[in-house]
1. Under 20 Å Cα-Cα from K387, which aspartates and glutamates qualify once same-chain neighbours fewer than 8 residues away are excluded?
2. Whole-Hz ³J(HN,Hα) for each residue in region 367-381, computed from phi via Karplus 6.51 cos²θ - 1.76 cosθ + 1.60 with θ = phi - 60°, x for glycine and proline: what do you get?
3. Quick one: Karplus J couplings for region 323-331, per residue in order, coefficients 6.51, -1.76, 1.60, θ = phi - 60°, nearest Hz, x for Gly and Pro?
4. Quick check on region 200-285: take the gyration tensor over C-alpha atoms, sort the square-rooted eigenvalues as a ≥ b ≥ c, and tell me if it's rounded (a/c under 1.5), prolate or oblate.
5. What is the set of long-range amide H partners of D344 at a cut-off below 5 Å, with H atoms built 1.01 Å from backbone N?
6. If you roll a 1.4 Å probe over the chain with all protein chains in place, what percent of the accessible area is carbon or sulfur?
7. Hey, what D do you get for the chain in µm²/s if you plug the Kirkwood alpha-carbon radius into Stokes-Einstein at 4 °C and 1.567 mPa s?
8. Which value, in Å², gives the accessible area per residue of region 254-387 when a 1.4 Å probe is used on the protein heavy atoms?
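The values are calculated or read from the model by the stated rules, or taken from the named source; none is laboratory data. On a predicted model such as this, the values are computed, not experimentally measured, just so you know. Cβ placement follows ideal geometry from the backbone for every residue including glycine, while neighbour counts extend to all protein chains displayed. These accessible areas exclude ligands, DNA and RNA; they are computed on the full protein's heavy atoms, side chains included. Shrake-Rupley method; radii C 1.70, N 1.55, O 1.52, S 1.80 Å.
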Amino acid sequence: MEMSPLNGSKRRLISARPVATAALWLAACTFGSSTPGQSAGSSQDLSEFSKVVAEASQPWTKWEGPDSTPTPPKDVKLALVACAGTIAGCVAPLNGAAAAAKDLGWTSTMYDGQGDPVTQNKVVTQAINSGATAILLGGVDPAQIGSALELAASKKIPVGSITQGVAPGNGIAFDVGADYVQSGVIEGSWIVADSKGAAVVLPTNDKEFGSTVTIVNAAIDTVKKCKACVLKETLFFTGSQIGNGLGQRVASALQREPDVNYVIGAFDPAVSDMVPAINNVGIGDRIKIVSDVGLTQNLQFIKDGNVQAADVVYDNTYEGYAAVDQLIRVLTGKDLYKTPGVTDPRFVYSQKVPQHLVTKENVGDPTVLWTADNDAVKHYRALWGVK
């Protein structure tokens, strides 16, 4: 696998960022009030929140992907376009796709979108002009690179997406990622259950990533069901602010709001900036953060009891292999695989990407990224006839 030049910029890998019964519960339940000043001793039954947490904390052992795949084509030149080479949530699933491509005897080249739609449009065009026969986008908003996608369509080059949490269209054939509504339900349920229905919550969010917006909004909607919980106004940020003042901004907001005890952290790299800043102002013992993705630094925070207390983690390798499996179908003119029981167009082609709630009780070795216990790579290799 090749990586396009990074123009001398320093690389620091960070990430952005994606139970059926939990999602149905979110849709069906009536929102409770979040009136400030209600006592922590609420009589509300919290068993539904606790049930979601318990289910999400269990190991993911089932294989829920396809049971057949068309014969893979040969001599495919796969372009892998990351939203930014510094964003692990964009890069890690593409690394999984690169491993899958290698299994199939395909060639792959990684391109760095540098977090800039203009650059992303440029590198997709570069990939097309360099002879790519298929393209996978990692965390790139297809609506921002319209001209490059029009060029791909004119040359009949299929384009797939990973981790954006968007429906097909705008030039992409499919998106592979977790059910991000479910992720948000898990995060919100953990906050309510862990606080025993007495959370005062500061949400943070980054509108650059559709999956992040979906997660945070679902978490907020879930916390709203907690009658004695309080939600503060959402603090919005952009990826460029990570390591460039975001942590201090969040810490200052928490100092102005001394009743806040929980933070929805949007995604792990942002939290990695928040944790030291929160500790530096002396309020680390007051705050618990829940986030998502599952980076090793964040897992270490959880193990150490260092501000971050929970994380919804994803199997990035699975995402990459699932995206390549869908590409095989597009390249051979076959129908995409639809996940049974899923009707939301954002997640219907996800092939049931595994996700899992990590807390101090089940964090395990924080130096090892989480993968599902379902032999996914073995299953995909068998489907593809790879020895």
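1. Candidates past the 8-residue exclusion: D67, D75, D103, D325, D375.
2. 7, 10, 5, 6, 9, 5, 8, 10, 6, 4, 4, 4, 5, 5, 4
3. With coefficients 6.51, -1.76 and 1.60, one gets 5, 5, 4, 5, 4, 4, 5, 5, 5 Hz.
4. oblate
5. The list, which skips near neighbours in sequence, is empty: none.
6. 50
7. 61
8. I get 40 Å² per residue for this part.
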